[in-house]
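One structure is given here, and the rest of the page talks about it.
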Amino acid sequence: MIEARHLTKRHGASVAVDDVSFTVAPGTVTGFLGPNGAGKSTIMRMIVGLARPTSGTVTIDGRRYAGSPAPLQQVGALLDAGAVHPGRTARNHLRTIARTHGIPDRRVDEVISLTGLESVARRRAGAFSLGMGQRLGIATALLGDPDTLVLDEPVNGLDPEGVIWVRQLCRHLASEGRAVLLSSHLMSEMAQTADHLIVLGRGRVIADASVADVLARAGGGTVAVRTDAVDRLADFVRPMGATVTYLAADRIEISGLDADEIALAASRIGVTLFELTPQRASLEAAFLGLTEDSVEYRSGSAGRA
């Protein structure tokens, strides 16, 4: 379990992390989200002792990571997949790290197999593609069979099969009771992988809730309805507080009422429904809504240069 309490990190007059507190619980995949410059990478570095907080604390299972007698067995971290000597083979890289903790070579072979690196295990890391580099970084994080994983953008450079593999791996690790902190800019993937979300904006926590709660708070929930009596249904539900948008001759979108209320209304006036589909806000839309005031770098509108 990771516990951050009032974490603050200043660089001179600039505040990168501002009084941040959160918990990453065992048995869950916690998504770590935020615009560029929100403080995610700084916090991940503070978790594993690569950056020192100006104030506040962060502990793993009640102790500071730097004070762990066997840090690889406590936390597996992927913060920079490129942090590998380019002249070493993947297997020798893993063996070198394993020997710092007395980890046997058979575990090196296990993580090579687990991450799909068998065919390139004797190839120098400097010749790896970005995706293979990511797999080697994940293998390194798993080397000590840790109870806590900290993974910063692990799907960068992976093909669709690799992205799905990372999703399944994170879900499996959480199912074993491990705590997984995962950052990614792929909102659709995060929606399928994470149980809980911590969203940062300008160094502060702006959301700390389950994925379902974040989506529910985003609002925008509408219900798509198809019927051969759209006008009758629309006229009936508007006085109930509904807003109706016409999509086609036989299809409307209703907001302000949930699917059960619409179904009940239709039955009262004898209208047959051919479709009744709740439309929830996407995680991408929810994220953009949460962080719209926290984006440090904005793109210009498309147009002629």
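The values are calculated or read from the model by the stated rules, or taken from the named source; none is laboratory data. Because the structure is predicted, anything quoted here is derived from the model rather than measured. Note: ideal-geometry Cβ built from the backbone for every residue, glycine included; neighbour counts use all protein chains shown.
At least 3 residues that are farther than 30 Å from ASP105 by Cβ in each: list the helices (runs of 4 or more DSSP H) lying fully within the range 136-247 that qualify.
On the way: elements: 160-175, 187-193, 211-218, 230-237.
Passing ranges, in order: 187-193, 211-218, 230-237.
Against the numbered list (1) more than 19 Å from ALA216 (Cα to Cα); (2) aliphatic (A, V, I, L, M); (3) at pLDDT below 95, ALA259 comes up short only at (1).
Could you count how many residues in the range 1-32 are closer than 30 Å to GLN168 by Cα, modelled with pLDDT of 95 or more and aliphatic (A, V, I, L, M)? The qualifying residues number 6. Here HIS172 fulfils each of the conditions (1) touching a residue at least 12 places away in the same chain (Cβ under 8 Å); (2) within 20 Å of the chain's Cα centre (by Cα) apart from (1). Hey, does the range 56-79 have a residue that's assigned by TED's automatic domain parsing to the domain that holds GLN134, within 18 Å of the chain's Cα centre (by Cα) and not in a strand (DSSP E or B)? Within the range 56-79 (the criterion being assigned by TED's automatic domain parsing to the domain that holds GLN134, within 18 Å of the chain's Cα centre (by Cα) and not in a strand (DSSP E or B)), the answer is yes, since at least one residue qualifies. Of all residues assigned to the range 55-66, at least one qualifies as being among the acidic types (Asp, Glu), more than 15 Å from GLY137 (Cα to Cα) and surrounded by fewer than 16 Cβ atoms within 10 Å (Cβ to Cβ).
If you check LEU158, LEU149 for being in contact (Cβ under 8 Å) with a residue 24 or more places away in the chain, crowded, with 19+ Cβ neighbours inside 10 Å and within 21 Å of THR23 (Cα to Cα), only one passes: LEU149. Restricting attention to the range 60-93, the residues that are in contact with a strand residue (DSSP E or B) (Cβ under 7 Å, 6 or more places away or on another chain), closer than 20 Å to ILE43 by Cβ and among the polar types (S, T, N, Q) add up to 1.
Within the range 20-39, which residues are touching a Gly at 6+ places or on another chain (Cβ under 9 Å) and either farther than 12 Å from ARG202 by Cβ or hydrophobic (A, V, I, L, M, F, W, C) (or both)? First the steps, then the outcome.
Taking the range 20-39 as the starting set, the residues that turn out to be touching a Gly at 6+ places or on another chain (Cβ under 9 Å) are 20-21, 26-27, 34-35, 37-39.
Residues satisfying the conditions are VAL20, SER21, PRO26, GLY27, ALA38.
Which members of the range 123-133 meet the condition of being touching a strand residue (DSSP E or B) at 6+ places or on another chain (Cβ under 8 Å) and outside any loop (DSSP other than H, G, I, E, B)?
As a first pass, look at the range 123-133 and keep what is touching a strand residue (DSSP E or B) at 6+ places or on another chain (Cβ under 8 Å): 123-125.
Passing the criteria: ARG124, ALA125.
Can you find even one residue in the range 83-99 that is within 30 Å of GLY201 (Cα to Cα) and surrounded by 15 or more Cβ atoms within 10 Å (Cβ to Cβ)? No, that holds for no residue.
Results for (1) in contact with a strand residue (DSSP E or B) (Cβ under 8 Å, 6 or more places away or on another chain); (2) not β-branched (Val, Ile, Thr), shown as yes or no for each residue.
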{"site": "ARG95", "(1), (2)": "no, yes"}
{"site": "ARG107", "(1), (2)": "no, yes"}
{"site": "ALA121", "(1), (2)": "yes, yes"}
{"site": "ARG135", "(1), (2)": "no, yes"}
{"site": "VAL163", "(1), (2)": "no, no"}
{"site": "SER175", "(1), (2)": "no, yes"}
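Taking the range 248-287 as the search range and keeping residues that are in a strand (DSSP E or B) and among the aliphatic types (A, V, I, L, M), which one is surrounded by the most Cβ atoms within 10 Å (Cβ to Cβ)? Step through it out loud before you land on a result.
Narrowing the range 248-287 to residues in a strand (DSSP E or B): 248, 251-255, 273-279.
Now restrict to residues that are among the aliphatic types (A, V, I, L, M): 248, 252, 254, 273, 276.
On the way: ALA248: 8, ILE252: 23, ILE254: 25, LEU273: 16, LEU276: 16.
It comes out as ILE254.
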